[in-house]
Amino acid sequence: MAEIDRSRIWASTMRGSEGDDVVRAHAGATASIRHVPVRREERERIERQTLGPGAALALGAGDRMRPEAPDEFRTCFEKDRDRIVHSTSFRRLAGKTQVVVYPKDHQRTRLTHALEVAQVATAIARGVGANATLADVIALGHDCGHGPGGHASETAFDHYIPGGYDHGPWGADVALRPLNLCSPTLDGIRNHSWSRPAPATVEGEIVAWADRIAYCAHDLEDALHAGIVRPRDVPSSVVRQCGGERSQQLRAFISSVIDTTAASGTVGMDADTAQALAELRQFNYDRIYMRPDSVAQSAAVVDVLRALVDHLIAHPDQVPGADEEVPDIADGVDPTVWRAVAYVAGMTDRFAFEMAETLVGYDLTKIPAGIGRGV
């Protein structure tokens with residue numbers, strides 16, 4: 001069979017297909033639409049008319065730390081979403097741990113987790129008449145403050161940050177600070193964890209539920225695929241209430257939040273479904289997160305990251321931007337320490353471990369299987 005000359009075909013589309021004063025992507029395209037441009041003001045008007053009472057509304061350029069002009073077509077929350085999606089912090093989530101460090105092809109990363117949280121959050125927001133765009137942007141950005149190696153990085157960095165390192169505030173106030181995002185976006189990211197103060201918006205509360213729903217369901221699915229647990233191990237009460245498949249569980253949890261919120265006016269879940277979600281989370285905690293391999297993995301992450309931070313504190317010239325001023329929120333932390341933590345926190349798993357091997361001479365063979373290169 002003759003090979004396709006893809007280079008020639010690709011080159012032939014360089015300028016698109018011209019005709020009728022319009023350049024088209026495809027020759028012979030017939031799809032068409034005629035409508036006046038839907039500018040930002042019209043989109044804001046549609047929000048006011050269609051969203052439920054209590055939903056966050058996009059207004060002008062939005063409430064930002066640094067004032068800026070509004071966009072012609074995008075609402076302030078749509079603009080925030082675009083900034084997060086194109087940011088370095090979001091892109092690096094593809095190389096950061098969800099449960100397994102150095103995940104294989106079919107295991108979640110922080111990036112795929114964020115996308116699944118966004119799907120759950122927008123489904124709930126649309127179902128209850130909240131601002132789906134704001135829920136989407138909070139969900140996409142909610143984990144941008146995570147360091148390499150998952151939650152173990154928070155334990156590692158606690159040693160250097162007074163009051164501890166929390167990925168929610170760090171994401172909002174450090175990792176995403178340069179983007180000049182709207183205050184409702186930052187508030188939702190900062191406070192998505194249930195241990196934090198309640199978010200100021202309905203959409204922030206929705207993301208808090210969406211985060212837990214998504215990771216409880218997909219972490220279990222990853223563990224089942226990896227053979228860490230078996231389907232018959234899942235508590236029967238969870239299966240009876242929500243099903244044994246991820247799709248069934250998502251449907252049950254999302255439907256419960258929509259129905260309960262619509263009936264009560266408060267973002268929440270009915271008691272029976274909430275109990276099933278809690279039991280599923282406890283099962284994941286006991287059988288996945290706290291299994292011996294996971295505990296050993298977390299301990300190794302803490303060891304590697306602290307060794308790397310300590311090295312960079314002692315060699316500040318090896319930290320990019322070592323001469324830049326630290327933000328106001330770093331008040332009370334030695335600037336050298338702050339820059340070292342901020343640099344390591346932004347790294348992907350692979351880059352952090354390779355840096356530890358190169359700079360500190362860390363022996364990667366000491367790291368449990370599932371982390372080391374080539375696994």
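The values are calculated or read from the model by the stated rules, or taken from the named source; none is laboratory data. Note that the structure is predicted; figures quoted are calculated from it, not measured. We place every Cβ from the backbone using ideal geometry, glycine too, and count neighbours over all the protein chains shown. Accessible surface is based on the protein model in full, side chains and every heavy atom, while ligands, DNA and RNA are left aside. Shrake-Rupley method; radii C 1.70, N 1.55, O 1.52, S 1.80 Å.
What is the diffusion coefficient of region 9-74 in µm²/s, taking the Kirkwood radius over Cα pairs and the Stokes-Einstein relation at 20 °C with a viscosity of 1.002 mPa s? Please report the intermediate quantities before stating the final value.
Values: Rh = 15.9 Å.
Answer from the Stokes-Einstein relation: 135 µm²/s.
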Pop out the ³J(HN,Hα) list for region 61-72 in order, Karplus 6.51 cos²θ - 1.76 cosθ + 1.60 with θ = phi - 60°, rounded to Hz; leave Gly and Pro as x.
7, x, 7, 10, 4, 10, x, 8, 6, x, 7, 5
Using a 1.4 Å probe and ignoring any ligands, DNA or RNA, find the accessible area of residue 151 and quote it in Å² to the nearest 10.
100
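Kindly state, to the nearest 0.05, the FRET efficiency for residue 34 paired with residue 12, given R0 = 30 Å and r defined as their beta-carbon distance. Write down the numbers at each step before the final one.
Details: r = 30 Å, r/R0 = 0.98.
After rounding to 0.05, the efficiency reads 0.50.
Leaving out ligands and nucleic acids, and using a 1.4 Å probe, what accessible area per residue does the chain come to in Å²?
Value for the chain: 51 Å² per residue.
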Near the amide H of residue 24, under 5 Å away, which other amide H atoms are found, from residues 5 or more places off or on another chain, if H is placed in the peptide plane?
17, 18, 19
Under the 7 Å Cα-to-Cβ spin-label approximation, residue 50 and residue 334 lie apart by a distance in nanometres of 5.5
5 angstrom amide H check on residue 98, placed H, neighbours 5+ away
110
Would you mind checking which residues have amide H under 5 Å from residue 165's amide H? H placed 1.01 Å from N; only 5 or more apart, or other chain.
158
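Leaving out ligands, DNA and RNA, what percent of the accessible area of region 1-131 is carbon and sulfur, probe 1.4 Å?
The C+S portion of the solvent-accessible surface of region 1-131 is 54 percent.
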Whole-Hz Karplus couplings 3J(HN,Hα) for region 129-140, θ = phi - 60° and coefficients 6.51, -1.76, 1.60, Gly and Pro as x, run x, 8, 7, 5, 5, 5, 4, 4, 5, 4, 4, 5
HN-Hα J in Hz across region 183-191 - Karplus 6.51, -1.76, 1.60, θ = phi - 60°, x for Gly and Pro:
4, x, 5, 5, 4, x, 5, 4, 10
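Using only Cα atoms, what Kirkwood radius does the chain have, in angstroms?
Values: mean 1/r = 0.0437 Å⁻¹.
Computed over the chain, the radius equals 22.9 Å.
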May I ask you to list the chymotrypsin sites (Phe, Trp or Tyr not before Pro) in region 1-78 that are in a DSSP loop and have at most 14 other Cβ atoms within 10 Å of their Cβ?
73
Mean projection of the alpha-carbon convex hull of region 13-157 over all orientations, in nm²?
13.7
Within region 286-311, backbone nitrogen closer than 17 Å to the virtual label 7 Å beyond the Cα of residue 366 toward Cβ
296-311
Report P(r) for region 224-318: all Cα-Cα distances, bin width 10 Å, range 0 to the bin holding the largest distance, values in whole percent.
14, 30, 21, 17, 13, 4
